[in-house]
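Asker: Right, I'll just put the structure down here and ask away after.
The values are calculated or read from the model by the stated rules, or taken from the named source; none is laboratory data. From a predicted model like this one, the values you see are computed outputs, not experimental measurements. Methodologically, a virtual Cβ is constructed for each residue, glycine included, from the backbone with ideal geometry; neighbour enumeration extends over all protein chains shown. Quick note on the areas: whole protein, heavy atoms, side chains included, nothing else; ligands and nucleic acids left out. Shrake-Rupley method; radii C 1.70, N 1.55, O 1.52, S 1.80 Å.
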Amino acid sequence: MTLVYGCMGLGGDWSGTPATAADVDTAEQAVEAAIEIGISWFDQADIYRRGSSESVLGQVLQRSPGLRDRIKIQTKCGIRLGENGLDAYYDLSAAAIAERVDASLTRLGVDHVELLLLHRPDPLMEPDEVAAAYARLRDAGKVGALGVSNMSAAQMAFMQRSLDEPLVVNQLEMSLLKRDWVEAGVLVNHPESTAVGFPEGTVEYCRTHAVRLQAWGALAQGRYSGAPGAEPTPAAELVASMAEVKGTTREAIVLGWLMRHPAGIEPVIGSVNPGRIRACADAAEQARQMSNVEWYALWTAARGGPVP
Ligand SMILES: NC(=O)c1ccc[n+]([C@@H]2O[C@H](COP(=O)([O-])OP(=O)(O)OC[C@H]3O[C@@H](n4cnc5c(N)ncnc54)[C@H](OP(=O)(O)O)[C@@H]3O)[C@@H](O)[C@H]2O)c1
């Protein structure tokens, strides 16, 4: 079981202006805290902070010789922000994939990333074209493996049939707050299933094909662990009381709930606060200790009612 460090918060604001030395300091402290709690995977995307997130990670790597060999980097492509008169659109054309990966490598100051994720499904994508673009990057030694994000089982199968090697990751929003990934599995044949925005069978597809499931938004932005302004919900109260009884942090309970699921979910934690990152350290242990009754208690408290 493992945690992933999500770099979306690093690199200053989203204006596209270059990151400052203070932004690099912040990133360095966050990366150090992540490594200290045993994290080795770092999650990036070409669009995070309009490239600044990758740039500051590159500067952190420059400051620390040898660090590159101790971490694994995954980045994403497939979203365009503020280009061609549109706020945002998706682009998984071969040209975009090649161009975006090269730009990410330049910003990061590395010659390869361990993993490339297709950020979101592009309705115009052609799996054969994506597969060929990925194969060229792999054969050039620029990318070690391919995964997806925000894709359903059907979309993964559609992509997989064009690839000559397995997809290795699907990164989805999953948390105590965003529970559709688990709701979808139990609301089969139930009238409430129409309210679930998650394609049933995606978790099972990933388990069947040994695709790692990564959870973005896993901390639910602190909603259950004391973020200012967060509602005092029964779920937040239960998280707090469990943390107190077990002598751990609320973050560890929130993440432990995800990691207790047998799919081996890897939470991607997006905090830039070193203290909050360290507060996640105990998550895997809490998952190991969490009984099925405790797991259901957290789930039903968060869903606001009993299972169907
Ligand atoms: N694949 C995708 O489509 C996708 C989409 C979004 C994100 N991601 C990835 O997933 C990572 C995590 O996503 P996320 O940042 O949306 O979710 P998250 O990890 O659930 O939330 C992190 C945010 O919540 C704040 N937070 C957490 N606990 C808090 C507390 N107790 N009090 C105050 N603030 C608290 C953090 O602030 P502090 O920094 O101050 O701790 C940070 O801004 C990203 O970094 C990115 O790598 C992927």
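Asker: Please find, within region 62-92, the residue that is nearest to the ligand (Cβ to nearest atom) out of those that are touching a strand residue (DSSP E or B) at 6+ places or on another chain (Cβ under 9 Å) and among the aliphatic types (A, V, I, L, M). If you could, list the steps in order and put the result at the bottom.
Answerer: Residues of region 62-92 that are touching a strand residue (DSSP E or B) at 6+ places or on another chain (Cβ under 9 Å), as a first pass: 71-83, 86-92.
Filter once more, so that each one left must be among the aliphatic types (A, V, I, L, M): 71, 73, 79, 81, 86, 88, 92.
Numbers: ILE71: 14, ILE73: 12, ILE79: 8, LEU81: 13, LEU86: 18, ALA88: 12, LEU92: 14 Å.
Result: ILE79.
Asker: Does GLY38 meet the test of being away from the ligand (no atom under 15 Å from the Cβ), closer than 24 Å to VAL169 by Cα and either open to solvent by 20 Å² or more (accessible area, probe 1.4 Å) or of a type in the set (Val, Ile, Thr) (or both)?
Answerer: Values: away from the ligand (no atom under 15 Å from the Cβ): yes; closer than 24 Å to VAL169 by Cα: yes; either open to solvent by 20 Å² or more (accessible area, probe 1.4 Å) or of a type in the set (Val, Ile, Thr) (or both): yes.
For GLY38, the condition - away from the ligand (no atom under 15 Å from the Cβ), closer than 24 Å to VAL169 by Cα and either open to solvent by 20 Å² or more (accessible area, probe 1.4 Å) or of a type in the set (Val, Ile, Thr) (or both) - is met.
Asker: For GLY264, all conditions in the list (1) more than 12 Å from the ligand (Cβ to nearest atom); (2) part of a helix (DSSP H, G or I) hold save one; what is the number of the exception?
Answerer: Against the list (1) more than 12 Å from the ligand (Cβ to nearest atom); (2) part of a helix (DSSP H, G or I), GLY264 comes up short only on (2).
Asker: Residues being in contact (Cβ under 8 Å) with a residue 60 or more places away in the chain and among the polar types (S, T, N, Q): count how many of those fall in region 119-155. Reasoning before the result, please.
Answerer: Of the residues in region 119-155, the ones in contact (Cβ under 8 Å) with a residue 60 or more places away in the chain are 119, 147, 149.
Narrowing further to those that are among the polar types (S, T, N, Q): 149.
Counting residues in region 119-155 that are in contact (Cβ under 8 Å) with a residue 60 or more places away in the chain and among the polar types (S, T, N, Q) gives 1.
Asker: Would you please list the contacts, defined by Cβ atoms under 6 Å and residues six or more apart or on different chains, that run from a residue in region 214-242 that is open to solvent by 80 Å² or more (accessible area, probe 1.4 Å) to a residue that is more than 9 Å from the ligand (Cβ to nearest atom) and part of a helix (DSSP H, G or I)?
Answerer: Partner pairs satisfying both residue conditions: PRO234/ALA301.
Asker: Which of the helices (runs of 4 or more DSSP H) found entirely inside region 94-182 contain at least 1 residues meeting this: within 22 Å of SER52 (Cα to Cα) and open to solvent by less than 20 Å² (accessible area, probe 1.4 Å)?
Answerer: Values: elements: 94-108, 127-139, 153-160.
Fully inside region 94-182 and qualifying: 94-108.
Asker: So, of the residues in region 1-30 that are in contact with a Phe, Trp or Tyr (Cβ under 7 Å, 6 or more places away or on another chain) and buried (at least 20 other Cβ atoms within 10 Å of the Cβ), which turns out to be farthest from ALA263 (Cα to Cα)?
Answerer: The residue in question is GLY11.
Asker: Moving to a separate point now. Determine which member of the set VAL245, VAL211, VAL196, VAL188 is over 26 Å from ALA30 (Cβ atoms), away from the ligand (no atom under 13 Å from the Cβ) and crowded, with 21+ Cβ neighbours inside 10 Å. Full working, then the answer.
Answerer: Numbers: VAL245 fails: crowded, with 21+ Cβ neighbours inside 10 Å; VAL196 fails: crowded, with 21+ Cβ neighbours inside 10 Å; VAL188 fails: crowded, with 21+ Cβ neighbours inside 10 Å.
Result: VAL211 is the single residue among VAL245, VAL211, VAL196, VAL188 that is over 26 Å from ALA30 (Cβ atoms), away from the ligand (no atom under 13 Å from the Cβ) and crowded, with 21+ Cβ neighbours inside 10 Å.
Asker: Which one is nearest to the ligand (Cβ to nearest atom) among residues in region 267-285 that are part of a helix (DSSP H, G or I) and buried (at least 24 other Cβ atoms within 10 Å of the Cβ)? Before the answer, list the steps.
Answerer: Residues of region 267-285 part of a helix (DSSP H, G or I): 274-278, 283-285.
This time we only want the ones that are buried (at least 24 other Cβ atoms within 10 Å of the Cβ), so: 277, 283.
Details: ILE277: 8, ALA283: 12 Å.
Filtering first and then ranking leaves ILE277.
Asker: Related question: Tell me the residue from ARG49, ARG68, ARG80, ARG100 that is under 17 Å from ASP23 (Cα atoms) and charged (D, E, K, R), please. I'd like the intermediate steps shown before the answer.
Answerer: Numbers: ARG68 fails: under 17 Å from ASP23 (Cα atoms); ARG80 fails: under 17 Å from ASP23 (Cα atoms); ARG100 fails: under 17 Å from ASP23 (Cα atoms).
ARG49 is the lone residue from the list that is under 17 Å from ASP23 (Cα atoms) and charged (D, E, K, R).
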